[in-house]
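Below is one structure, written out as structure tokens, with a few remarks after it.
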Amino acid sequence: MCCEIKRRFLLLYATQKGQAKAIAEEISEQADAHGFEADIHCINESDKYNLATEKDPIVIVISTTGTGDPPDTARKFVKEIKNKTLPADHFAHLRYGLLGLGDSEYMFFCNGGKIVDKRLQELGAHHFYETGLADDCVGLELVVEPWIDGLWLALRREFTSRNRKEDISNNLRAVSNGVSVMTVDPNMSGASSLDSKIQHLKLEDLEVKASDALSERADNVNSVVSVQDTEPSLDQSVPPLSQSVLNIPALPPEYIVVQFQDSIGQEPSLSSLVSDSTTFHVPVTKAVQLTREDAVKTALLLELDISKTTFCYQPGDAFCVICPNNVSEVQELLHILGLSEKKKCFVCLKIKETTKKKGAARPQHIPEGSTVEFILTWCLEIRAIPKKAFLRALVEYTSDAREKRRLQELCSKQGASDYNNFIRDFNVCLLDLLHAFPTCRPPLNLLIEHLPKLQARSYSASRQKLQEEHTDWKFGETWLFFGCRHQNRDYLFRDELKSFVENGTLTHLKVCFSRDPPAATEKAPTKYVQDNIRLCAKEVARVLLKEKGCFYVCGDAKHMAKDVNDTLVDILSTDAGVDKLEAMKILATLRQEKRYLQDIWA
């Protein structure tokens, strides 16, 4: 009786919000079908693996957080590999492949993965598979799926190459011991042929595929592809997809058992949702729309009553606001899932004894003693865009054949364009799916397994109260470069900003309006904040370089933040009399010193 031996590889993930972990788990689940065994660990679990002695191939999935930092779970790992005392051949024995996750809306795209990738190579490690960089701006799956597909070929090639080297080494050892050895490998010609056909999946290949997929998506949006003159939508497809044989993902193994218990006490406090901070339950006392109705974007001012709280803060500290899910949406979800009568029941979560999911663990973001209603209100992001693995799991809980087929299409390789067009681009959430597919009735455990944690929103505290409380302190210069589209539509906090100048909180206020026509008195109109920064180049350079000041950038990541960064490079280059490369290094130093900080978003 012959037993197949699985070829092991080490699978590490570094995650901030769960995406890297989910992708690593998908790789782990696919590994078995391809004849491999994934030894999967979070990268911070250094007691469970040892790179210094690792002999098998390594696969790393790592996300990026902030404006280009490795995730919190990778901080210790990055610190260790950045140790300057490590020799250049410290990891010369390692062969690895890395998948970085990021968002090109942010300036330092996939920088978390790039930092680890570069440092491993500096320490002598080698790729057995080219690095992939997935962009959440256009859809992670555009790179993730082909990268995973190519991984199995690369792993086979790596093990084939390693086995050959071991055979050659064994033969040489036998010859050196005076033994004549002749080895005939019936698969050698096949292996050579395989080597000639299997190529590394280059990053540029992934970019081409992503570009092609985006082009295909654009074509599909503007075309009608059906003999019946119907257009595809979320709940229906048209030929050729509707007539295609589908390649759908493997069914994710369920791993949580949900038991309902009658109420036996109080629900957990909100402080149990945040492990490392003090939490306060405060009311919203005021909500005002700051922008006019005809503004491109809507901005709201919310005032929170913190009079009954006691805490200290400094300018630059962040308040993390935990916003619950909409009450009506939670109630509707409870109704559709048939859980309305159980919404006050306590939920006991256990790991399935028979689960095939490796590393299955109880979700830490769901406190002990939570009710069904509490979980859907405070713990799970019910508006999250469903991942393909979730769609695949929903198929099993859908009774109508047509609906099942459409869900299969949306999670399939052939339906990638439809997934982007009708789910990703429209920010479709679970409730939307349940409305579109009425016979879909997933159990609570499936929601807990697939919906991400409801994240807190961070808001920075600022540069006036401190001056009021410490009149004897000496404060440095404060400059504010403010820009918006229209002076009369979205000039936020106009009166407050003017009062800040009058009372000395702000030393200088420079404003610009990109969509308004220039005033008749303006000789050189400024449209964008970077225009005003250039006009004040000498003062900006003086504050940053001579006065050791700090530069904060807040707002749009895709355009404004990049343009401001380029402007600063030009200013520093001119002031210091150096080329742009040296100026970029100066700016990088300011970033390392936490004197150039960005709070930007897509």
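The values are calculated or read from the model by the stated rules, or taken from the named source; none is laboratory data. For clarity, every value in this text was computed on a predicted model and none was experimentally measured. Because the Cβ atoms are built from the backbone with ideal geometry, glycine has one as well, and the counts that use them run over all protein chains shown. Heads up: the accessible areas ignore ligands, DNA and RNA and are worked out on the full protein's heavy atoms, side chains in. Shrake-Rupley method; radii C 1.70, N 1.55, O 1.52, S 1.80 Å.
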Please report, ordered by residue number, the helices (runs of 4 or more DSSP H) entirely within segment 320-424 with at least 2 residues that are under 30 Å from Asp136 (Cβ atoms) and touching a His at 6+ places or on another chain (Cβ under 7 Å).
388-395
Out of Thr67, Thr53, which single residue is more than 27 Å from Ala561 (Cβ to Cβ) and either touching a Phe, Trp or Tyr at 6+ places or on another chain (Cβ under 7 Å) or not in a helix (DSSP H, G or I) (or both)?
Thr53
Filter segment 272-295 for residues that are part of a loop (DSSP other than H, G, I, E, B), among the β-branched types (Val, Ile, Thr) and open to solvent by less than 100 Å² (accessible area, probe 1.4 Å) and give the result.
Val274, Thr279, Val282, Thr291
Complete set of residues in segment 582-602 that are of a type in the set (A, V, I, L, M) and open to solvent by less than 20 Å² (accessible area, probe 1.4 Å):
Ala583, Leu587, Leu590, Ile600
Would a scan of segment 456-470 turn up a residue that is among the basic types (Lys, Arg), surrounded by 16 or more Cβ atoms within 10 Å (Cβ to Cβ), at negative phi and under 27 Å from the mean Cα position of the chain (by Cα)?
no
When you look at Lys538, is it assigned to a loop (DSSP other than H, G, I, E, B), farther than 25 Å from Cys312 by Cβ and open to solvent by 30 Å² or more (accessible area, probe 1.4 Å), yes or no?
no
Residues satisfying the stated conditions in segment 404-442, i.e. in contact with a strand residue (DSSP E or B) (Cβ under 7 Å, 6 or more places away or on another chain), surrounded by fewer than 20 Cβ atoms within 10 Å (Cβ to Cβ) and of a type outside the set (Ser, Thr, Tyr)
Lys404, Leu434
If I go through segment 81-104 residue by residue, how many of them are among the acidic types (Asp, Glu) and at pLDDT 95 or above?
1
Please determine whether any residue of segment 333-346 is under 27 Å from the mean Cα position of the chain (by Cα), more than 30 Å from Ala33 (Cβ to Cβ) and of a type in the set (A, V, I, L, M, F, W, C).
yes
Flagged in segment 83-103 as out of contact with any Leu (no Cβ under 7 Å at 6 or more places or on another chain), buried (at least 16 other Cβ atoms within 10 Å of the Cβ) and not basic (Lys, Arg), in numbering order, are Leu98, Leu99, Asp103
Out of the residues in segment 471-486 that are crowded, with 16+ Cβ neighbours inside 10 Å and hydrophobic (A, V, I, L, M, F, W, C), state the one that is farthest from Leu302 (Cα to Cα).
Trp479
Do we have Cys42 as touching a Phe, Trp or Tyr at 6+ places or on another chain (Cβ under 9 Å) and either open to solvent by 10 Å² or more (accessible area, probe 1.4 Å) or not β-branched (Val, Ile, Thr) (or both) here?
yes
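Listed here are the residues, each with its yes/no results for (1) touching a His at 6+ places or on another chain (Cβ under 9 Å); (2) open to solvent by 60 Å² or more (accessible area, probe 1.4 Å); (3) at pLDDT 90 or above; (4) farther than 17 Å from Lys594 by Cα.
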residue	(1), (2), (3), (4)
Arg542	no, yes, yes, yes
Phe551	no, no, yes, no
Asp556	no, no, no, yes
His559	no, yes, no, yes
Lys562	no, yes, no, yes
Asn565	no, no, yes, no
Leu568	no, no, yes, no
Lys580	no, yes, yes, yes
Odd one out for Arg489 among (1) within 21 Å of Pro315 (Cβ to Cβ); (2) out of contact with any strand residue (DSSP E or B) (no Cβ under 8 Å at 6 or more places or on another chain); (3) open to solvent by less than 80 Å² (accessible area, probe 1.4 Å)
(1)
Given the structure, is Pro315 part of a loop (DSSP other than H, G, I, E, B) and either closer than 22 Å to Lys453 by Cβ or of a type in the set (Gly, Ala, Ser) (or both)?
no
Is it the case that some residue within segment 13-36 is more than 28 Å from Cys379 (Cα to Cα), touching a helix residue (DSSP H, G or I) at 6+ places or on another chain (Cβ under 9 Å) and in a strand (DSSP E or B)?
yes
For segment 1-23, the count of residues that are modelled with pLDDT of 90 or more and out of contact with any Cys (no Cβ under 9 Å at 6 or more places or on another chain) equals 7
The condition of being of a type in the set (D, E, K, R) and surrounded by 14 or more Cβ atoms within 10 Å (Cβ to Cβ) holds, among Glu303, Glu373, Glu368, only for Glu373
Of residues in segment 307-332 being open to solvent by less than 80 Å² (accessible area, probe 1.4 Å) and hydrophobic (A, V, I, L, M, F, W, C), the one farthest from the chain's Cα centre (by Cα)
Phe311
